[in-house]
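One structure is given here, and the rest of the page talks about it.
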Amino acid sequence: MIVVVGSVALDKVKTPFGQVDEMLGGSATHFACAASFFTKVGLVAVVGSDFPDEHIDFLTARGVDLSGLETQDGQTFRWEGYYEYDLNQAHTIDTQLNVFESFKPKLPENYKDTEFLFLANIDPDLQQAVLSQVNDDVFSVCDTMNYWISSKPGSLTDLIKKVNLCLMNDSEAREFCQTFSMLESARKLIALGPEAVILKKGEHGALLFTDATHFAAPAFPIEEIKDPTGAGDSFAGGFLGHLAKTGDLSEPNIRKAIIYGSVMASFNVEGFGAQRLVSLTNDEIESRFDLFRSITCF
Ligand code: AMP
């Protein structure tokens, strides 16, 4: 099982290919949907009383355990953003934390002995509050975004010191580490504590760094992109989903997990929000994984 804490949101998104309002989104949502193709996921988050039942039904149908999802009086987290032709760059118009402002996560008992924990993009204080409730042997991975890098850098640094693996976008790593170099960013992040760092570069792939090695994976080239929102979280869902499914944390398997992450991100961007995952099948995931091997083998 993987436990995830992060945002469950209603998004308003505009891309060069269309726009959608009040769409199911959030970092924990995109992660849980992608990871649910590999393993059981327990979701820790809060929504407001305005959160539509159909979204609860969708997550339940994907097999996501919602016993850690609270409903509070008030409005659900909302994010509004847009993309221009450079789809790697999300421009935030508005972030309304709403019920997340007063959220005090309390993990269900059966989540506390989880082997895998994903601290998806949300307030680093909340990420730490969840990390402190699970067992010490957990394999923990964190993600973040520029919003938290600029508003809570100290708390984010404390979090990174405690996790096994840190995920970040290239531009976020540059901002957080105050350097242009990806290599130096990775070194600075590893010096804080994590054994490994994955730097995501959107349509240009992802880089894995440990003290001893480096692995570079391209992104899968797709025909038709609609909306990059959630690509990073679906990458994390495929990545950690594969690790949890196999229980193998060896480096060759971590490389394989990065390819599963890239496969899930490539499906996610083919539709708005999590729409593409509604019809996605395990066979489609496996055949894209095989195709990925053939385009990267030389
Ligand atoms: P990604 O495109 O994978 O980086 O994540 C997109 C999701 O992150 C969207 O569905 C948003 O609802 C959510 N999001 C945007 N800003 C924040 C924030 N400051 N904290 C938590 N989640 C956010």
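No value in this document is a laboratory result; all are computed from the given coordinates. Since the model is a prediction, treat every value here as computed from it, not as a measurement. Note that we place each Cβ from the backbone using ideal geometry, even for glycine, and neighbour counts take in every protein chain shown.
Summary of computed values
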item: Dipole in debye (nearest 20) - segment 2-296, about Cα centre, beta carbon charges: Lys, Arg +1; Asp, Glu -1; result: 680 debye
item: Placed amide H near LYS40: partners under 5 Å, 5+ positions off or other chain; result: ILE2
item: Unit charges at the beta carbon, dipole of segment 2-296: most positive-side option, VAL130, ALA196, PHE31; result: ALA196
item: Charge dipole (segment 2-296, unit charges on Cβ, about Cα centre) - positive-most of LEU277, LEU167, HIS91; result: LEU167
item: Distance (nanometres) between label positions extended 7 Å along Cα→Cβ at ASN135 and LYS112; result: 1.2 nm
item: Extreme residue, positive dipole direction of the chain, given options LEU183, SER67, GLN19 (C-beta unit charges); result: LEU183
item: Student exercise, segment 1-100 dipole from Lys, Arg, Asp, Glu Cβ charges, in Debye to nearest 20; result: 340 debye
item: Where GluC sites (Glu not before Pro) in DSSP loops with at most 11 other Cβ within 10 Å are excluded, longest remaining stretch of the chain; result: 85-222
item: Alpha carbon centroid spacing (whole Å) that separates segment 72-125 from segment 235-290; result: 21 Å
